[in-house]
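The values are calculated or read from the model by the stated rules, or taken from the named source; none is laboratory data. It should be emphasised that the depicted structure is a prediction, and the values quoted were computed from it without experimental measurement. Here the Cβ positions follow ideal geometry from the backbone for every residue, glycine too, while neighbour counts run over all protein chains shown. We work out accessible area using only protein heavy atoms, side chains counted, and drop any ligands, DNA or RNA first. Shrake-Rupley method; radii C 1.70, N 1.55, O 1.52, S 1.80 Å.
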Amino acid sequence: MVVAGLQPASGAELSLDDCVSWALGRNSGLKSGEMSVAAAAQGAAASRAAFYPSLRLKGEYGLIAPHDRLIINGNSFAPGVPPHDVNIPIGDNNRYDASLIVQQPLFTGGNLTRSLERARSEERGAQYALDRQRKLITLEVKRLFNEVLNDQLQERVVRTLLEAKRERLRVLRERQTEGYAEREEVLTQEADLLSAEAELTRCANRTALAVSRLRLLIHFPSTSEFILKGRSHRFNLNLSLADAVRESAANREDLKGAREKVIQSEAEVGVTRSSLYPQSSLVGSYTVQKETNIQRPQYWMVMAQLDWQLFDWGKTRKTVERAEAIRREQSYQREELEKQVALETESSWRNVQNRQMTIDAARKWVAVAESRLEQRVSRYQEGTAKFADLLDGEAELIRSYGDYVAALNDLGTDLAQLEASASMTVDPWLVEEEVYQLDLDALSRRLTRLSRTVAPEKKPEPPALIPEKKKPEAPALAPEKKKPEPTSGRPRPVDGAARSPLPLMDPVAGSPFRPPVTAAPEKGGRPRVASLLAFSAPAVPMPGAPPRGTAVAAPVVSEGGSEELLERLVESSEK
């Protein structure tokens, strides 16, 4: 334990045990509890002393006016003796005496026995309360210690993510200058960066507040700074729920204190009931007094005393009934506390089980984030990924690792809560496993080195500009399936448009294929066609032509290319 006069050096490193020692050695509440234990111990000693003989000194001094006298009536001894009343003074107008008195109680109706039992129970209850207060302070120190570690880790994660967002904003601004990024993308990234800076400020304030609470709890000097030195542990708890509940019922200090309160209330019933019985004692005294004509200068005396109150209008009976009601009240409160302790222990035990599963899941997510980052690094080295993708992968990995370490620290808090709930140490039931360590600084240096040595990703070609249409065109309607027409006949021309004498035939359906007309016909009577999606081989087999029923796909061409293709098809059909 840290001695009270020790003054820490500036920037001293404090481990978890150091913080617990500081708190237990300087906490004012614990000092108050220690005084309560001392007071209860003195009360028990006082009750025990009532069984032994008591010795006391009693003295008196008084002034008397007029002074004492002795009157002897006439003819008291014989006729004429004395002949008349005689007034004889027997002392002065003052008197004094001093007595040494010894008293030994013989029977008190159980008052002394019950009083001693109550005092001893109060001493044990005060000690249980002090032990419980120590464990609660230890639990609070561990909780705040892990909270500070988690807040510092979260602050570091957010700071790393903030640097990644700044780098991404720089890349976006360069791409905007080159014309490959929109202004909206840059504004979105700037807003995201401001949100990250606000989150960093909140994390820093939360960390500072947690440090202040820990400083006050351990009573660390405000003029000195400290650095927490802690290491995360991964434990598996092999303690069953039934054993934990049984240990809590046997060891919990506040439950023991509740039992002591029941004992105290029962003793109080005995104390009040003792008034119904007689009280007896043996008294011896030795007295020295002023000598007079009728008083000796000293004398001694031994006597037995008996005191029995017979009637007090029911006061003693009502006091006994009140004590009985308090005893039943304490008994009911103890039963309820037993249920609460069992439920609290079960909740703490299940929280540990849940945290262990959370740690396993967080470790898997760290592995997933590492795999994704390695894939992005490989694609970046091949030139198929952007550096912003690496920053996103790094942020995902750092966030996953932060969740993993925070879960480990929370496991320490949950184990401390279980120890406080069951009032036991769980070290014999813990199995420690290896903790995965990730070097965040090395990861950042690696990505920085990649950004300097690997060529940047290939810039995409600017997209082809599509000519704007003067008027919106109606969508092409799919041709309806009709019965095959005789090939010798000429197709009926569309309004205002010339048609080829030999229409294109669909070799599957046997119906003529008509390209969609999208605009009014130009000079020459030929319609404008936007695109030709597909066409079929002619009905008459030609050398090198595909078999009948096979569709031939044609590429989509621009508006001018479709007109040339249509002209060539019409000319060939006319020939």
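Can you name every residue in the range 176-220 that is surrounded by fewer than 14 Cβ atoms within 10 Å (Cβ to Cβ) and polar (S, T, N, Q)?
Within the range 176-220, Thr177, Thr188, Ser195, Thr201, Asn205, Ser212 qualify.
I'm told Ala249 meets every condition in (1) outside any loop (DSSP other than H, G, I, E, B); (2) within 20 Å of the chain's Cα centre (by Cα) except one. Can you identify the failing condition by its number?
(2)
Go through the range 75-110 and count every residue that is under 30 Å from Arg48 (Cβ atoms), assigned to a loop (DSSP other than H, G, I, E, B) and open to solvent by 40 Å² or more (accessible area, probe 1.4 Å).
0
Among Thr384, Thr316, which is the only one that is in contact (Cβ under 8 Å) with a residue 40 or more places away in the chain and open to solvent by 70 Å² or more (accessible area, probe 1.4 Å)?
Result: Thr384 is the single residue among Thr384, Thr316 that is in contact (Cβ under 8 Å) with a residue 40 or more places away in the chain and open to solvent by 70 Å² or more (accessible area, probe 1.4 Å).
For the condition closer than 21 Å to Ser15 by Cβ, assigned to a helix (DSSP H, G or I), at pLDDT below 90 and of a type outside the set (Phe, Trp, Tyr), what is the one hit in Arg156, Arg168?
Arg156
Condition check ((1) basic (Lys, Arg); (2) touching a Phe, Trp or Tyr at 6+ places or on another chain (Cβ under 7 Å); (3) over 20 Å from Leu30 (Cα atoms)) across all residues:
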{"site": "Arg213", "(1), (2), (3)": "yes, no, no"}
{"site": "Thr223", "(1), (2), (3)": "no, no, yes"}
{"site": "Phe226", "(1), (2), (3)": "no, yes, yes"}
{"site": "Phe235", "(1), (2), (3)": "no, no, yes"}
{"site": "Ala249", "(1), (2), (3)": "no, no, yes"}
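Of the residues Arg445, Arg452, which single one is under 30 Å from Phe387 (Cα atoms), open to solvent by 60 Å² or more (accessible area, probe 1.4 Å), modelled with pLDDT of 50 or more and within 35 Å of the chain's Cα centre (by Cα)?
Step by step, each of Arg445, Arg452 is checked, and only Arg445 is under 30 Å from Phe387 (Cα atoms), open to solvent by 60 Å² or more (accessible area, probe 1.4 Å), modelled with pLDDT of 50 or more and within 35 Å of the chain's Cα centre (by Cα).
Would you point out which residue out of Trp365, Trp429, Trp349 is under 27 Å from the mean Cα position of the chain (by Cα), without any contact (Cβ under 8 Å) to a residue 60 or more places away in the chain and on the phi < 0 side of the Ramachandran plot?
After applying the criteria, what remains is Trp365.
Look at Ile72 and say whether it is surrounded by 12 or more Cβ atoms within 10 Å (Cβ to Cβ), touching a strand residue (DSSP E or B) at 6+ places or on another chain (Cβ under 9 Å) and either among the aromatic types (Phe, Trp, Tyr) or free of Cβ contacts under 8 Å to residues at least 40 places away in the same chain (or both).
yes
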